[in-house]
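The values are calculated or read from the model by the stated rules, or taken from the named source; none is laboratory data. Note that this is a predicted model, so its numbers are computed, not measured. For neighbour counting, all protein chains shown are included, and Cβ atoms are generated from backbone atoms with ideal geometry for every residue, glycine included. Each accessible area value is taken on the protein alone, full model and side chains, heavy atoms only, with ligands, DNA and RNA left out. Shrake-Rupley method; radii C 1.70, N 1.55, O 1.52, S 1.80 Å.
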Amino acid sequence: TPVQIKEFGAINKIDFSPVSPYNYAVTASSRIHIYGRYSQEPVKTFSRFKDAAYCATYRDDGNLLVAGSEEGSIRLFDVSGKAPLRQFDGHSKAVHVVGFLSDKYRIFSGGDDYSSNLWDIPSATEIVSYNEHTDYVRCGCASKVNADVFITGSYDHTVKLFDARTKSSVMTVEHGQPVESVLLFPSGGLLVSAGGRYVKVWDVLKGGQLLVSLKNHHKTVTCLCLNSSGQRLLSGSLDRHVKIYSTTSYRVVHSFNYATSILSLALSPEDETIVVGMTNGVLNIKHRKPEERKEDSQKKRRPAYRTHVKGRTYVSKQEDFCVSKPVKRVLRKYDKLLKSFQSSKALDAVLEPPIRLYTPEVTVAVMQELHRRGTLRSALAGRDEKQINLLLTFVARRVIEPRFTPVLVTVADMITDIYQPVVGQSVIVDRQFLRLQEAIGKEIDYQEELLEVLGMMDTLFATFTKKRDTYLDENKSNGLTDAIETNKS
């Protein structure tokens with residue numbers, strides 16, 4: 001069941017601490033609240049802002065927190081303290097995006113004055129300022145692989161990649177809509193941008209080539225995040241849905257529905273908690289169900305040994321009536337496979353040596369059943385050299401047996417049709433085809449000889465029958481003549 005906490009205003013940023021106990025900072029209105037994973041009240045609050053605060057983000061070690069503000073200043077806080085450690089002034093308008101570079105000693109920022117700046121933490125000075133965007137800079141992220149690379153997204157529909165060692169952007173990507181959120185994969189090779197109804201994935205190593213464009217939301221996509229392994233991409237939108245994509249197929253594998261429009265989204269480093277911030281100031285926290293421990297079920301007390309051997313030594317008496325236990329009928333392997341419609345595996349099962357050598361009628365019966373079902377062709381197809389060799393050996397040996405001939409001739413026709421294109425690629429298979437041809441040729445010769453013999457026998461039988469009829473007629477005529485002569489005398 002989700003936990004809901006009411007904040008003072010719309011929640012524009014949620015960020016989890018990268019170190020245990022994985023507290024998370026929530027930026028809403030003019031305050032930054034830090035919550036424990038299971039706490040419903042803030043553990044700590046930073047409220048030294050005259051106006052709205054934006055984008056409170058943890059450093060990789062979890063000790064420092066940086067946040068932008070509506071008045072244009074950037075403040076750096078120690079998580080254990082209250083007052084800001086540093087204040088960076090240089091933006092003329094609101095700063096909506098701030099974050100740490102992976103070297104931990106520099107901060108990047110983006111503001112409504114269209115500029116993207118880089119700051120030095122120890123001296124609190126500006127290192128470089130980039131004025132390449134032509135509209136508000138509202139999102140950004142830093143590379144975890146290269147300490148000099150960071151990315152910003154703007155309402156001018158572009159995403160720009162900056163390198164601190166150069167005086168201008170290294171790469172520009174045209175998203176097509178105002179960019180609300182950007183994200184880099186841990187490897188640094190793929191970039192994800194969200195804006196309008198689209199979530200787009202770009203290949204940084206190929207100069208910003210578009211890999212895939214996802215359009216699963218009905219309204220503007222406002223936030224993105226990845227899980228710890230990088231196999232799931234989460235996106236939140238004003239349509240009140242959080243979509244979860246597989247990063248291998250980029251298909252939606254799950255979806256969450258919320259009460260109002262979503263502005264911010266975060267996933268804990270252990271993927272145990274998902275926190276969503278909404279436009280009405282409600283913070284929604286969902287925890288993963290704890291997995292049931294299998295150890296408890298294994299520790300259940302089992303029956304004692306004497307329970308199992310009880311009654312084993314009992315000898316029946318003369319007056320006892322013995323009830324026999326019904327014998328359970330166990331299906332053969334090929335019967336089970338036929339029952340579950342696994343045609344190819346059923347055929348493999350009956351081609352094993354004990355069955356095909358000693359009970360070939362079972363093999364042929366399964367082939368006949370597969371032919372009756374209409375799945376024999378698919379069961380014969382897709383086999384390698386060894387399996388084709390086995391099939392052809394069986395067919396060539398048994399096709400001449402009269403009881404198997406009708407079925408095996410059909411099997412031989414199908415094998416020839418299926419594997420005709422690959423004839424000539426394997427010496428073994430070609431040799432078996434020649435053996436089959438030779439066996440069928442010999443059988444045809446035998447049949448022709450038998451037909452000749454039958455013809456001869458039919459002629460002989462016909463001859464014998466005529467002679468016998470003539471002999472009887474002669475006897476009959478002679479007998480009749482004798483009877484007439486006797487009567488006359």
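Numbers at a glance
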| quantity | calculated |
| --- | --- |
| Flag if residue 325 is among the charged types (D, E, K, R) and outside any helix (DSSP H, G or I) | yes |
| Single residue of the stretch 384-393 satisfying the filter (of a type in the set (D, E, K, R) and out of contact with any helix residue (DSSP H, G or I) (no Cβ under 7 Å at 6 or more places or on another chain)) that is most open to solvent (accessible area, probe 1.4 Å) | 386 |
| Matching residues in the stretch 402-437 - criterion: being touching a residue at least 12 places away in the same chain (Cβ under 8 Å) and more than 23 Å from residue 373 (Cα to Cα) | 426, 428, 429, 432, 433, 435, 436 |
| Residue in the stretch 49-63 that is under 36 Å from the mean Cα position of the chain (by Cα), in the same structural domain as residue 77 (by the TED database), over 22 Å from residue 107 (Cβ atoms) and of a type in the set (Phe, Trp, Tyr) present | no |
| From the options 213, 181, 168, 187, residue that is assigned by the TED database to the domain that holds residue 261, surrounded by fewer than 17 Cβ atoms within 10 Å (Cβ to Cβ) and out of contact with any Phe, Trp or Tyr (no Cβ under 9 Å at 6 or more places or on another chain) | 187 |
| Considering residues of the stretch 1-22 that are in contact with a strand residue (DSSP E or B) (Cβ under 8 Å, 6 or more places away or on another chain) and polar (S, T, N, Q) only, the residue nearest to residue 283 (Cα to Cα) | 4 |
| Among (1) within 27 Å of residue 402 (Cα to Cα); (2) surrounded by 10 or more Cβ atoms within 10 Å (Cβ to Cβ), the one test that residue 353 misses | (2) |
| 1 or more residues small (Gly, Ala, Ser): qualifying strands (runs of 3 or more DSSP E) within the stretch 126-205 | 137-142, 149-154, 169-174, 179-184, 190-195 |
| Residue among 391, 347 that alone is of a type in the set (A, V, I, L, M), part of a helix (DSSP H, G or I) and more than 21 Å from residue 442 (Cα to Cα) | 347 |
| Matching residues in the stretch 264-302 - criterion: being outside any strand (DSSP E or B) and modelled with pLDDT of 75 or more | 268, 269, 270, 271, 272, 279, 280, 281, 288, 289, 290 |
| Per-region count, the stretch 423-456, residues hydrophobic (A, V, I, L, M, F, W, C) and not in a helix (DSSP H, G or I) | 1 |
